[in-house]
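Heads up: the structure comes next, in structure tokens.
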Amino acid sequence: MKLVRAILLIIVSLVLIYLTFNFKNQTFFFDSIIWCFFLVLGIILFLWNFFLEMNSFFANKKIKNLALTISAIIVAILIVVLDNKIQSNFEKPSLLKVFYDGDFNGVGIDFKKDGTYIFDNSTIGLSDYSYVKYKINGNLITLDKSHFENIIHSKNLKIVEQINFSDSSKENYLYKIDKNGEILKNEFSFRIVHDFRNYTKKEEKNKNKTAKP
């Protein structure tokens, strides 16, 4: 019976560790449901094993009788630490968030204040994440990597303010540009959905001078 409990705990532990680690690079619509299912199953197995081992421990006073319980606690701590580390990447303060809506697919970039960004390529409930670095100077952004699955073909991006002629409102977009600063033709742009930049007056003037409608 102890061997069966050990095998079940090992299987559930490995699945939970794998699913938790995979959240860093990919998420699917049903992943959270599957993760919660195995978490509940793991808790049930832990409690079942805990009470059996505690009875055995009080009867024999041998620490080895708590081997599975101790192992399960170590695995639980590992999962919590791993999950917190992964979530900390997503929760870092953002400087700029942009998104491209391609109907069945979408591309989002979350530029963090620490010079890193999270590239999110999503397709019908499935998101693939990449973690890379960038540099920003005024309204110009330089990525340290391009060709994300043939989606971004330039390391150089530019924030451009556009006027909606229907209601005269203004919106900022992020365009791909070439080495000369010209906007690449036949390339989609990102709509800026959140802008947390704090411009100085000088940076604001430079932004207005370089912006092209």
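For every other residue with a beta carbon closer than 10 angstrom to the beta carbon of Phe190, add +1 if it is Lys or Arg and -1 if Asp or Glu, then tell me the sum.
+2
Calculated accessible area for the chain comes out at 64 Å² per residue, all protein chains present (probe 1.4 Å; ligands, DNA, RNA ignored). In summary, the convex hull built on the alpha carbon positions of the chain has an orientation-averaged projected area of 16.3 nm². At a probe radius of 1.4 Å, what is the per-residue accessible area of Asp144, in Å² to the nearest 10? Surface open to solvent at Asp144 totals about 80 Å².
Kindly flag which residue pairs out of Lys85/Lys179; Lys24/Lys170; Lys113/Lys176 have an alpha-carbon separation exceeding 28 Å in this structure.
Table pairs above 28 Å Cα-Cα are Lys85/Lys179; Lys24/Lys170.
A viscosity of 1.002 mPa s and a temperature of 20 °C, combined with the Kirkwood radius over Cα pairs in Stokes-Einstein, give a translational diffusion coefficient for segment 21-136 of 124 µm²/s.
The values are calculated or read from the model by the stated rules, or taken from the named source; none is laboratory data. Computed from a predicted model, the values in this text were never measured in an experiment. Ideal geometry is used to build each Cβ from the backbone, glycine not excepted, and the neighbour counts take in all protein chains shown. Only protein heavy atoms, including side chains, enter the accessible area calculation; ligands, DNA and RNA are left aside. Shrake-Rupley method; radii C 1.70, N 1.55, O 1.52, S 1.80 Å.
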